[in-house]
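The structure appears right after this line, and notes come after that.
The values are calculated or read from the model by the stated rules, or taken from the named source; none is laboratory data. Just so you know, these numbers come straight off a predicted model, no measurement behind them. All Cβ positions, even for glycine, are placed from backbone atoms using ideal geometry, and neighbour counts span all protein chains on display.
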Amino acid sequence: MGPEVTSPVGGRQEGPGECARPVALTELMSTLPLGMAVVDRNLCFVEVSEALAALNGQPREAHLGRPMDEVMSPHSSLGDTARRVRRVLETGEPLDGVEIIHREPGGGVERTRVFRASYHPVRRGGEVIAACLYVEDLTERRRVEAQRDAGAARERAVREQALRETQEAVRARDEFLSVAAHELRTPLTSMRLHLQLLLRQVVGAQPVLGQELAPRSQVLERQLSRLGSLVNTLLDVSRLAAGKLSLEPRELDLVQVVRQMVDAFSEEFARAGCELSVHVSGSLPGQWDPLRVEQVLVNLLSNAAKYGAGRPVEVSLVGEGTMAVLAVKDHGIGISEDGMARLFGKFERAVSERHYGGLGLGLYITRQIVEAMGGSITVRSAQGQGSTFILRLPTQPRVPGAGPPGALGTRGK
Ligand code: ADP
C-alpha cells in the first residue's frame, strides 16, 4: 500500500472541504485522468494512475510493487525514465518539462507519440523517500499544431509564389513597354520626316495642290505628334521603373517658359472652348531641366483643356522665397474624393474611358519629375467644381543625396 494523502479528519462531523475519512492515494490514482506515478527508492511502482497505466499498456495492478524495468515495455523509453527517476531520488532536485518522443510499432506502421514528463521528489522528514512522475500526452496537440504549421507554410508558399509571379509580370510589362516604345519611336520619326519632305516637294512642284493639302497635312502632323508624345510617355514609365529617368538642370526664367507653353497651347484651349487668363509678371529665374518643366506644364495644361472644356482656365505663377509656385485652375468636371487619393498613381484615372481618352500616366510622371526636382504637386478639387493643380518647385536644384532617392538621375548617355 502506498503512502496516504491525509486530511485532518478524525471521527468528528465533516466541515466544508472535509471528507468522511482521509482520501487514499489509491483512490486518487484510480480516478485521476492524469498520468501520474509514485516510485520508491528501489525504482518500484508504489502507485500508478489509470491514465499512466494505460499509456504503459499494462493494467494498473500489474504495476504496483513491481520494478519499473519489469513493467514497462522495452519500447517505452524506459532507460531514460528510470535514469531520471533515479537522479531525482539521489539529488532531491525536481526535473520539469522533459519531452519524450516515443515510437511504438503498430500494425506495421511506426506511430510516434510525444509526452512531457516531470519528476518530483517526495520527502518525509527531509529525506527523499519516493519520486512522483507526471506525464502529459502531447501527441494530439502536436498533431494539430503540425497541421496548422503545415497549413500556414502552404499558405505562405502560395502567397510567395503569387508575389513572385506578380513581380515577374510587372518586370515583363516594364520590359515590354521599354522595347515597344523604342521600336515605335523609330518609324514615327521617319514618318514625320517623310511627311515634311513630301509636302516640301508638292509645294515646290505644284503650289496650288500644296495649299489644298495643307489642312490635311496639319492633321497628320498633329496626330503624329500625339503618337510621339504617347510613345514618350511609355518610355518615361519604363525609365522610371528602371530608375533611369534623368534631369539636366540649367539656368531658366520660369515666367518665360510658362508664357511660351501657354502660347503653344492657345490653339488647343480655343478648340476646347476655354477662355485662358494668365497671371505672370516680371521674371522668375532658377535652375530647372527645361524639357522636364515643359513636360509637366504640357500635362497640367492639356488636362485643364480636356477636363475643363467649355469653361475658363487660369494660370498663375509667383515666387515665394526660394520656391516658384504655379497654379493651373479650371472650372471643369472636378475630381471626387476617391479620385484625388489615386490620381498621382501609375495608370490611375478618375474618369470613365468612354468619355475621356488617356493612359492615366501623365500625373504619375509629373509627380515623379516634380519630386525629383525637390518640389511637390497638390490638387484642390471637388466633383463638378473644377480643379486647381498647385506646383511648388525650388528655384535651385536639390543637392544629390540630400533628400529621399527618386527614380531620376542626371541625364546622360
Ligand atoms: P489621363 O488624363 O491620361 O487619364 P493623368 O495622369 O493626366 O492621366 O490624370 C489622371 C486622372 O486624373 C485623369 O484620368 C482624371 O480622372 C484626373 N484629372 C487630371 N486632371 C484633371 C482635371 N484638371 N480635372 C479633373 N480631373 C482631372
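Among the residues of the range 175-184, is any among the β-branched types (Val, Ile, Thr) and modelled with pLDDT under 95?
Scanning the range 175-184 turns up at least one residue that is among the β-branched types (Val, Ile, Thr) and modelled with pLDDT under 95.
Return yes when Val379 is closer than 20 Å to Met323 by Cβ and modelled with pLDDT under 95 and no when it is not.
Working: closer than 20 Å to Met323 by Cβ: yes; modelled with pLDDT under 95: no.
In short, no.
Working only within the range 304-318, note down all residues that are buried (at least 16 other Cβ atoms within 10 Å of the Cβ) and away from the ligand (no atom under 16 Å from the Cβ).
Leu317
Just to be sure before I move on: is Gly286 over 26 Å from Ser352 (Cβ atoms), of a type in the set (Gly, Ala, Ser) and in contact with a strand residue (DSSP E or B) (Cβ under 8 Å, 6 or more places away or on another chain) in the structure I sent? Talk me through it step by step, then tell me what you get.
On the way: over 26 Å from Ser352 (Cβ atoms): yes; of a type in the set (Gly, Ala, Ser): yes; in contact with a strand residue (DSSP E or B) (Cβ under 8 Å, 6 or more places away or on another chain): yes.
It is true that Gly286 is over 26 Å from Ser352 (Cβ atoms), of a type in the set (Gly, Ala, Ser) and in contact with a strand residue (DSSP E or B) (Cβ under 8 Å, 6 or more places away or on another chain).
Just name the residue that is surrounded by the fewest Cβ atoms within 10 Å (Cβ to Cβ) out of those in the range 349-380 that are near the ligand (Cβ under 6 Å from one of its atoms) and under 27 Å from the mean Cα position of the chain (by Cα).
Per the criteria, the residue is Leu359.
Looking at the range 136-162, I want the residues that are within 30 Å of Val48 (Cβ to Cβ) and have a partner that is surrounded by 11 or more Cβ atoms within 10 Å (Cβ to Cβ) and at pLDDT below 95 with Cβ atoms under 6 Å, at least 6 apart or on another chain. Which pairs are those?
Once the first residue is within 30 Å of Val48 (Cβ to Cβ) and sits in the range 136-162, its partners that are surrounded by 11 or more Cβ atoms within 10 Å (Cβ to Cβ) and at pLDDT below 95 give Glu136/Arg116; Asp137/Phe115; Leu138/Val114; Leu138/Arg116; Thr139/Arg113; Thr139/Val114; Arg142/Val114.
Does Gly286 satisfy the criteria of being away from the ligand (no atom under 13 Å from the Cβ) and in a loop (DSSP other than H, G, I, E, B)?
Taking the combined requirement at face value, the residue does not satisfy it.
Consider Leu297 against the criteria (1) under 17 Å from Gly374 (Cα atoms); (2) buried (at least 19 other Cβ atoms within 10 Å of the Cβ); (3) in contact with a Pro (Cβ under 8 Å, 6 or more places away or on another chain); (4) not charged (D, E, K, R): it satisfies all of them except one. Which criterion is unmet?
Every condition holds for Leu297 apart from (3).
Of the conditions (1) in contact with a helix residue (DSSP H, G or I) (Cβ under 8 Å, 6 or more places away or on another chain); (2) at pLDDT 80 or above, Leu78 satisfies every one except a single condition; which number is it?
Only one criterion is unmet by Leu78, namely (2).
Could you look through the range 268-294, keep only residues that are touching a residue at least 60 places away in the same chain (Cβ under 8 Å) and in contact with a Lys or Arg (Cβ under 8 Å, 6 or more places away or on another chain), and pick out the one that is surrounded by the fewest Cβ atoms within 10 Å (Cβ to Cβ)?
Only one residue tops the list, namely Gln287.
Go through (1) within 24 Å of Leu227 (Cα to Cα); (2) not in a helix (DSSP H, G or I) for Arg113 and report which single condition fails.
(1)
How do the pairs read when you match residues in the range 204-219 that are farther than 24 Å from Glu268 by Cβ and without any contact (Cβ under 8 Å) to a residue 24 or more places away in the chain with residues anywhere that are surrounded by 11 or more Cβ atoms within 10 Å (Cβ to Cβ) and among the acidic types (Asp, Glu), using Cβ under 9 Å and keeping only pairs 6 or more apart or on different chains?
none
Got at least one residue in the range 262-273 being away from the ligand (no atom under 13 Å from the Cβ), assigned by TED's automatic domain parsing to the domain that holds Gly358, of a type in the set (D, E, K, R) and in contact with a Leu (Cβ under 9 Å, 6 or more places away or on another chain)?
Scanning the range 262-273, I find at least one residue that is away from the ligand (no atom under 13 Å from the Cβ), assigned by TED's automatic domain parsing to the domain that holds Gly358, of a type in the set (D, E, K, R) and in contact with a Leu (Cβ under 9 Å, 6 or more places away or on another chain), so the answer is yes.
Criterion first (within 13 Å of the ligand (Cβ to nearest atom), in contact (Cβ under 8 Å) with a residue 40 or more places away in the chain and outside any loop (DSSP other than H, G, I, E, B)) does Leu301 satisfy it? Before the answer, list the steps.
Details: within 13 Å of the ligand (Cβ to nearest atom): yes; in contact (Cβ under 8 Å) with a residue 40 or more places away in the chain: yes; outside any loop (DSSP other than H, G, I, E, B): yes.
Considered against the rule, which asks whether it is within 13 Å of the ligand (Cβ to nearest atom), in contact (Cβ under 8 Å) with a residue 40 or more places away in the chain and outside any loop (DSSP other than H, G, I, E, B), Leu301 comes out as yes.
Out of the residues in the range 319-348 meeting the condition of being in a helix (DSSP H, G or I) and of a type outside the set (Gly, Ala, Ser), tell me which one is farthest from the ligand (Cβ to nearest atom).
Out of the qualifying residues, it is Glu337.
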